[in-house]
1. Looking for something within 20 Å of A:ALA362 (Cβ to Cβ), touching a residue at least 40 places away in the same chain (Cβ under 8 Å) and surrounded by fewer than 23 Cβ atoms within 10 Å (Cβ to Cβ) - is there at least one such residue anywhere in segment A:185-202?
2. Please go through (1) in contact with a helix residue (DSSP H, G or I) (Cβ under 7 Å, 6 or more places away or on another chain); (2) within 28 Å of A:ASP359 (Cα to Cα); (3) without any contact (Cβ under 8 Å) to a residue 40 or more places away in the chain for A:PRO461 and return the number of the only condition it doesn't satisfy.
3. Being touching a Gly at 6+ places or on another chain (Cβ under 8 Å) and crowded, with 16+ Cβ neighbours inside 10 Å is the filter here; which residues of segment A:212-222 pass it?
4. How many of the residues making up segment A:98-126 are closer than 18 Å to A:MET479 by Cα, outside any loop (DSSP other than H, G, I, E, B) and not β-branched (Val, Ile, Thr)?
5. Among (1) facing chain A (nearest Cβ under 9 Å); (2) surrounded by 15 or more Cβ atoms within 10 Å (Cβ to Cβ); (3) among the small types (Gly, Ala, Ser), which single condition is B:GLY120 missing?
6. Only one residue in B:LYS61, B:LYS102 is on the phi < 0 side of the Ramachandran plot, surrounded by fewer than 20 Cβ atoms within 10 Å (Cβ to Cβ) and more than 13 Å from every other protein chain (Cβ to nearest Cβ). Which one?
7. Considering only residues that are surrounded by fewer than 16 Cβ atoms within 10 Å (Cβ to Cβ), more than 15 Å from B:SER82 (Cα to Cα) and in contact with a helix residue (DSSP H, G or I) (Cβ under 7 Å, 6 or more places away or on another chain), which ones fall in segment B:36-50?
8. Answer yes or no: is there a residue in segment B:64-85 that is in a helix (DSSP H, G or I), within 11 Å of chain A (Cβ to nearest Cβ), out of contact with any strand residue (DSSP E or B) (no Cβ under 7 Å at 6 or more places or on another chain) and under 25 Å from A:LYS328 (Cβ atoms).
Amino acid sequence: MDYKYLNNMLAEMDKDLSEKGMSRRDAMKLAGISGAGLFMGASNVQAMEKDQLPLKKSGVDAKIVIVGGGLAGISTAKRLTNFIENPDITIIEPEKLSASYQPGQTLVGAGIWDIDDIKENREDYVPDGVKLIPEKVIDFDPTNNQVTTDKGQVVSYDYLVVATGIQHDYERLEGLEEAGRAYSTGDNTRLHKAMGDDTGLCSIWTAEGSAKTWDVMQEYIEKAKNVKEGEEKIKFLFTHPATPIKCGGAPKKIMYLTNSRLKEAGAREGAELHFYPNGGAMFGVPEYHDAIMEQFKREDFKWHFRHNLVRVDKERKIATFDAKWQEKGPYDPIMRDFEVYSKHERKEVPYDFLHITPDAVAPREVAESDLGGASGFVPVNKETLQHVKYMNVFAVGDVASVPMAKTGGSVRKQYKVLVDNIVSQMEGKKLEAKYAGYTVCPLITSIGTVMLAEFDWTVKPTPLVPLDPTVERWIWWLMKVYALKPMTMIGMMKLGQA
Amino acid sequence: MQVRFEFAIYDEELDTFELDENVYSFELNEEQVETYKLFKEVDLHLYNWFKDSKIFNNWIKEKVYPDKIGQKIVICDIEDISFRRYYFFKVTSADAHYEYFKKLFNIFHELDWQDREEVGANILEHLVIKRQELIIELKEEQAEENTIASNADTIEIVE
């Protein structure tokens, strides 16, 4: 992977693009990859995005409270300051490292980045003029337009943006009841204690957990390296739960990266890699599903659809799954066909290395409030992001009940829509901005290759750059590793524009 | 050539379909036979062709359901082609129907956690709309003539 290789890949990409009558610069601009100066010679993000600023700021006057100071909350706050003349905005966020770059956790988990590469302080990103309350909201009272914090402070608002993110529900798993629930950042000592040492357990869904994953991965790669012919191979298991999760591709990404590290160490022959997803497909978009299936076959991965992890026995190193299948029922004379019955049973699977992707849930204070819906997430109009019941409440990011992947790629499209609509609502206009459901998942398939899975409500590939979206490319790896973080941290959080 | 039909009667208040277990035969002329052969590979085209055919509609009103003017009916079967899945679909229905609707309505397991029940509920929502497109209303002849006359008047005014 030297410059010569990079140049070859870029030349290949240019060839594909020129067939479409497009230069690399135009393609990147079209894709909105403003941080991709690496490829284009663009000197900074601000110059690329300056045409996005409004000609005239709105003169509306209202108090906006944003609960949550992660990517969605801070980007929204910054963009509101771009669009409102005299903004009165308050962010309520208790976690000091809430601005950390979560998409990098996969890379930390595979030892490509260090944990310090993703740690970002909240204070460095809260926009000028925006008030920060470093407390946790424990009660939402949308009827009286106020929230209450854990320190007893009651904060009233005219408009509320819920951007709390989600929690990882490790305690749901039998054997990990002591783990509790965890946010990606913050003090997760309880979780790591429950996971234990020398148990082969790991999980990249918290920042500290991703660093620990790399330690555990190295330990078991070493064991795989020492497997002699005829001996049992080291079993690496990767799970995908029955709930929406942050970045649905991540459980596969860490599996692909483990595979890469095993190959790099000359230990692949001593390892078996198994994927246990709760669902019946590798990806919601059939084209990407097919591409991933081919990759799984090529890399000799085993897969077991419709298996949901429910129990972990750390002592015996046994993972228990709720396995589901369907059986043919009696003949239905009206339908003139056979019924299908769903069945399930528990299945025990021994493991050496177990990477857990936990259920993701809305924080209790949101789920149990009047703002939470049946699933706990905040029910919003999926296009306008306005709450279905409270017209002065909006939700953005992972906590919003939007039937689309919970990724930074989704937030990148959502926060602009939300700001347009909240300003329109304040001005008494119709909400015209609509989230089209676009999201992107850079699916890492090895160290050096990424398949850029882009799609929207149509659940069909919607590549912004006219290249075959099912092909794994080095150029997207470069984008994932070098360009996406500056685009996110600077373009979205610092500028509110990317 | 005779084509066999089975129908169901739509109850608008209850939004349910009652199967008429009788089989009715409709005679096609030579030209219609050619069209039938062309459309029978694409079931919804075939359905819509009959639904929009005035001769077919008159046959239903005059021969099949002369006492049901003002009611709504649907075609359940045309020869060996069944449309029952549109009216009697259940979430637990056989895979063939389930997969058919997923494809028809562009529903995929777009989110890995969705199970059959959730996707089935989604299918049912789409079906409510689709079924309305398939309903044949047995209108009074007089009403149709009035509409034609009214349209003709409009054209005259425009000219």
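Any read-out appearing in this document is the output of simple, stated calculations on the displayed coordinates, not a laboratory observation. Just so we're clear, the structure is a prediction, and the values are computed from it rather than from any experiment. Here the Cβ positions follow ideal geometry from the backbone for every residue, glycine too, while neighbour counts run over all protein chains shown.
1. yes
2. The single condition A:PRO461 does not satisfy is (3).
3. Listed by number, the residues that qualify are A:THR213, A:TRP214, A:VAL216, A:MET217, A:TYR220.
4. So the answer is 6.
5. Every listed condition holds for B:GLY120 apart from (1).
6. B:LYS61
7. none
8. yes
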